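Structure first, commentary second.
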Ligand SMILES: *Cc1c(COP(=O)(O)O)cnc(C)c1O
């Protein structure tokens, strides 16, 4: 399948003359900045917050590029990876016209973004083992199919999709394959960013919200070929990532050790949680997880969910999601939190 980006992009976006901000028009050394109507005296919020942030997050991208053996032109930084998902719809899918493929049960934002943008969604459910149904996915492609969303490790099922299937789809589909790797840092397999060199239609999404522990800062990433990234930069709001968030992530990148330690502890705790939950009679199945959560099939997810709320513990009831009947999604917490969860469940009476 040959890849023709210009055929995929909405014509209005191909013609777009992007907004040119003060900070993107002037790059260089100056002493006095009278170009952006900022408050020149200062900021009650702290130093430098009177100034607009770098619209292209160059310092952050340079760091990410060198750790991932990529170029900064292959990196988009967004206000959460949810911003990247929304931008991809707005760049590639004409409202009321184009379509996207989504494979439920999966992350809900793909369909919500499609609905907001009035883009048709072809839902091709995962198999009984929560793998991609490659034959049905390819059979659902038509000439209006612009995007295909694959989440690996998948939320809420926790498993990785088979890499051979992803590669087959990348080779066979002429649109963009958006691979959401929000949980890749917990997985036994490496990221597919190394595949960017071979697949011009691959977009890899990652986030600082999960393993990196910065959900409150809202910083997400898209890795893709430079033409796709240039389009995302042209369509995004000029200052989409705040100065505080950029600075915090740049500083956090120096502390990889803490993150690696939390990941190790999460994985140890995950195994512990699985082995303890397995002993309980109401647990029907615990699905293998490559993420920081587990999907647990029970007799009555609703009842356990409500009981846990009374104990001031919140898990996610997924029982109304297709293929997830009776399931709860439980995030792996700290050692103490997981102990309290298990204690509460053991004393619930539901187990008897
Ligand atoms: C949590 C999550 C995200 C959200 O990422 P943000 O960067 O916080 O917007 C994206 N994809 C999946 C699958 C997630 O579970």
Legend entry - residue 273 being closer than 18 Å to residue 341 by Cβ, more than 22 Å from the chain's Cα centre (by Cα) and part of a loop (DSSP other than H, G, I, E, B): no
Inset, instruction - Go through the stretch 172-194 residue by residue and tally those that are surrounded by fewer than 17 Cβ atoms within 10 Å (Cβ to Cβ), out of contact with any helix residue (DSSP H, G or I) (no Cβ under 7 Å at 6 or more places or on another chain) and outside any loop (DSSP other than H, G, I, E, B). - result: 1
Inset, instruction - Considering every residue within the stretch 202-214, establish whether at least one is away from the ligand (no atom under 16 Å from the Cβ) and touching a residue at least 60 places away in the same chain (Cβ under 8 Å). - result: no
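Would you be able to tell me the number of residues in the stretch 126-155 that are away from the ligand (no atom under 16 Å from the Cβ) and in a loop (DSSP other than H, G, I, E, B)? Before you say what the answer is, go through the steps one by one.
So in the stretch 126-155, the residues away from the ligand (no atom under 16 Å from the Cβ) come out as 127-129, 131, 133-146.
Then keep just the ones that are in a loop (DSSP other than H, G, I, E, B); that gives 127-129, 131, 133, 140-144.
Count: 10.
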Legend entry - Flag if residue 169 is assigned to a helix (DSSP H, G or I), more than 15 Å from the ligand (Cβ to nearest atom), surrounded by 18 or more Cβ atoms within 10 Å (Cβ to Cβ) and over 18 Å from the mean Cα position of the chain (by Cα): yes
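Only one residue in 312, 279 is at positive phi, more than 24 Å from the chain's Cα centre (by Cα) and either crowded, with 17+ Cβ neighbours inside 10 Å or in a loop (DSSP other than H, G, I, E, B) (or both), so which one is that?
312
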Legend entry - Unique residue being modelled with pLDDT of 95 or more and surrounded by fewer than 17 Cβ atoms within 10 Å (Cβ to Cβ) when the list is 265, 270: 265
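Rundown of residues vs (1) closer than 22 Å to residue 245 by Cα; (2) exposed (fewer than 13 other Cβ atoms within 10 Å of the Cβ), yes/no style:
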site: 9; (1), (2): no, no
site: 12; (1), (2): no, yes
site: 18; (1), (2): no, no
site: 25; (1), (2): no, yes
site: 28; (1), (2): no, yes
site: 31; (1), (2): no, yes
site: 39; (1), (2): yes, yes
site: 45; (1), (2): yes, yes
site: 51; (1), (2): yes, no
Legend entry - Output for the stretch 90-118, where each listed residue is in a loop (DSSP other than H, G, I, E, B), under 20 Å from the mean Cα position of the chain (by Cα) and without any contact (Cβ under 8 Å) to a residue 60 or more places away in the chain: 103, 106, 108, 117
Inset, instruction - Go through (1) crowded, with 17+ Cβ neighbours inside 10 Å; (2) out of contact with any helix residue (DSSP H, G or I) (no Cβ under 6 Å at 6 or more places or on another chain) and name the single condition residue 340 misses. - result: (1)
Inset, instruction - Please identify the pairs in which a residue from the stretch 56-68 that is on the phi > 0 side of the Ramachandran plot has its Cβ atom under 8 Å from the Cβ atom of a residue that is part of a helix (DSSP H, G or I), counting only partners at least 6 apart or on another chain. - result: 57/246
Inset, instruction - Could you list all residues from the stretch 215-234 that are more than 22 Å from residue 51 (Cα to Cα) and more than 12 Å from the ligand (Cβ to nearest atom)? - result: 223, 224, 225, 226, 227, 228, 229, 230, 231, 232
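Tell me which residues, restricted to the stretch 238-270, are in a loop (DSSP other than H, G, I, E, B) and in contact (Cβ under 8 Å) with a residue 12 or more places away in the chain.
Initial filter on the stretch 238-270 (in a loop (DSSP other than H, G, I, E, B)): 238-242, 253-255.
The answer is 238, 239, 240, 241, 242, 253.
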Legend entry - Boolean, residue 83 is within 16 Å of the ligand (Cβ to nearest atom) and in contact with a strand residue (DSSP E or B) (Cβ under 9 Å, 6 or more places away or on another chain): yes
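The values are calculated or read from the model by the stated rules, or taken from the named source; none is laboratory data. What you are looking at is a predicted structure, and each value in this text was computed from that prediction instead of being measured. Please note: Cβ atoms are built from the backbone with ideal geometry, for glycine as well, and neighbour counts cover all protein chains shown.
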